[in-house]
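Colleague: Below you will find the structure I want to go over with you.
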Amino acid sequence: MSKFAIIGDSTCDLTPELRKEHDIDYARMRVSWTSKDKKEHEVWASLDWQEGITHKEYFDMLASGTRVFTSQVSEQEYDEVFGCHLKAGEDVLYISCSSALSASVQLATRLVSKYEKQYPGRKVVIVDPLNSCMGQGMMLLKADEMRKAGKSLEETAAWLEEHKLEYNQIATVENLTTLKNAGRVKASKAFFGNLFGVKPMLISDAKGNNYAIEKQKGRRNALLRIVEMAKELAVDPENSVCWVSEAECKPEDVELLVANLKSGVKFKEVNVVPMGPIIGGTTGKGTVGVYFFGKKVEVVGE
């Protein structure tokens, strides 16, 4: 059985330490914006934050009203990342960003025949997780767990396909301004939502869209509602890990959330990672998402 490479992309929120520990690679997307001095910027959507802007600077910039534009993974980037592993004699398992949020997976799917002709005997298998951030990241970590247990590429991909809707997301945002700038919320709704402190509760629905399943008034209520929803949806939390992905949230908000996830839901472990530049570029500073294995998602947003 040949070893297979596990590859994600810029939305998977896996830190350099996690990627190194679990031998996971990723294909980069790009982000661009215009600064206040009218200078144009375009950089890799790096999960290492090595592109001349720190995590804090990036989300502070979004909070100031700057609109960020995101780009899918390019064919050239796939050629480089996939090609590196295929040349080394490895098959490839690519767990992409949700097809509902990015066209990257469609491009990668079209390129499979090209790579399999270019590298005879090698395979490229793609899983559309219908999720992003640490939902996608958790699937990448699960793939490594299965690889280490001796499971084949096909067995790993089949398990993920069968169980991908059991990776749950519950998220909320600090305010609606960045969602408005990204064209995801109407200006009037953003204005009144911010005025009255409305916080949408965002899940990843059964089609992979981020869907506001309900609303809460006030930040604290939204954070505590995440905990309530996690308690309702988590499966065997005492033996599972919960991940919190955060976009420069206030430390006290993260501490409140983590403490209540541990005491209220009783997850074996709660880990916090920084939210990446792609999804965070749409949702803005103060976004926080909680990810865990739970009941199958059956909700389809409007």
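The values are calculated or read from the model by the stated rules, or taken from the named source; none is laboratory data. As the structure is a prediction and not an experimental result, all values here were calculated from the model. Using ideal geometry, Cβ is built from the backbone for each residue, glycine included, and neighbour counts are taken over all protein chains shown.
Colleague: Whether any residue in the range 89-96 is part of a loop (DSSP other than H, G, I, E, B) and of a type in the set (Phe, Trp, Tyr) is what I want to check. Talk me through it step by step, then tell me what you get.
Modeller: Taking the range 89-96 and keeping what is part of a loop (DSSP other than H, G, I, E, B), we get 89-90, 96.
Checking which are of a type in the set (Phe, Trp, Tyr) leaves us with none.
Scanning the range 89-96, I find no residue that is part of a loop (DSSP other than H, G, I, E, B) and of a type in the set (Phe, Trp, Tyr), so the answer is no.
Colleague: Checking Glu298 against (1) in a loop (DSSP other than H, G, I, E, B); (2) crowded, with 18+ Cβ neighbours inside 10 Å, which test does it fail?
Modeller: It is condition (2) that Glu298 fails.
Colleague: Against the definition (of a type in the set (A, V, I, L, M) and over 19 Å from Cys133 (Cα atoms)), how does Ile53 come out, yes or no?
Modeller: Working: of a type in the set (A, V, I, L, M): yes; over 19 Å from Cys133 (Cα atoms): yes.
Here the answer is yes, as Ile53 does meet what is asked.
Colleague: Every residue in the range 24-50 that is part of a loop (DSSP other than H, G, I, E, B) and more than 19 Å from Asp79 (Cα to Cα), please.
Modeller: Ser35, Lys36, Asp37, Lys38, Lys39, Leu47, Asp48, Trp49, Gln50
Colleague: On to the next question. Among the numbered criteria (1) assigned to a loop (DSSP other than H, G, I, E, B); (2) at pLDDT below 95; (3) surrounded by 14 or more Cβ atoms within 10 Å (Cβ to Cβ), which one does Gly183 miss?
Modeller: The number of the failed condition is (3).
Colleague: Determine, yes or no, whether Gly121 is over 20 Å from Gly301 (Cβ atoms) and either outside the structural domain of Glu80 (by TED's automatic domain parsing) or crowded, with 24+ Cβ neighbours inside 10 Å (or both).
Modeller: No: the conditions fail for Gly121.
Colleague: Please specify each residue of the range 1-36 satisfying the condition of being more than 28 Å from Val290 (Cβ to Cβ), of a type in the set (Lys, Arg) and touching a strand residue (DSSP E or B) at 6+ places or on another chain (Cβ under 9 Å).
Modeller: Residue satisfying the conditions is Lys3 alone.
For every residue, the table says whether it meets (1) within 16 Å of Met134 (Cα to Cα); (2) buried (at least 18 other Cβ atoms within 10 Å of the Cβ); (3) within 19 Å of the chain's Cα centre (by Cα).
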position	(1), (2), (3)
Lys231	no, no, no
Asp236	no, no, no
Asn239	no, no, no
Trp243	yes, yes, yes
Cys249	no, yes, yes
Glu255	no, no, no
Asn260	no, yes, no
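Colleague: Which one is surrounded by the fewest Cβ atoms within 10 Å (Cβ to Cβ), of the residues in the range 15-42 that are in contact with a His (Cβ under 7 Å, 6 or more places away or on another chain) and of a type in the set (Gly, Ala, Ser)?
Modeller: Only one residue fits best here, namely Ser35.
Colleague: What are the residue pairs meeting all of these: first residue in the range 87-111, first residue touching a residue at least 24 places away in the same chain (Cβ under 8 Å), second residue part of a helix (DSSP H, G or I) and aromatic (Phe, Trp, Tyr), Cβ atoms under 7 Å, and 6 or more apart or on different chains?
Modeller: Val92/Phe82; Ala108/Tyr78; Leu111/Tyr78
Colleague: Note down all Cβ pairs under 6 Å where the first residue falls in the range 249-264 and is under 16 Å from Ala171 (Cβ atoms), the second is not in a helix (DSSP H, G or I), and they're at least six residues apart or on different chains.
Modeller: Cys249/Gly286; Cys249/Val288; Val254/Glu246; Val258/Val270; Leu261/Cys242; Leu261/Phe267; Leu261/Val270
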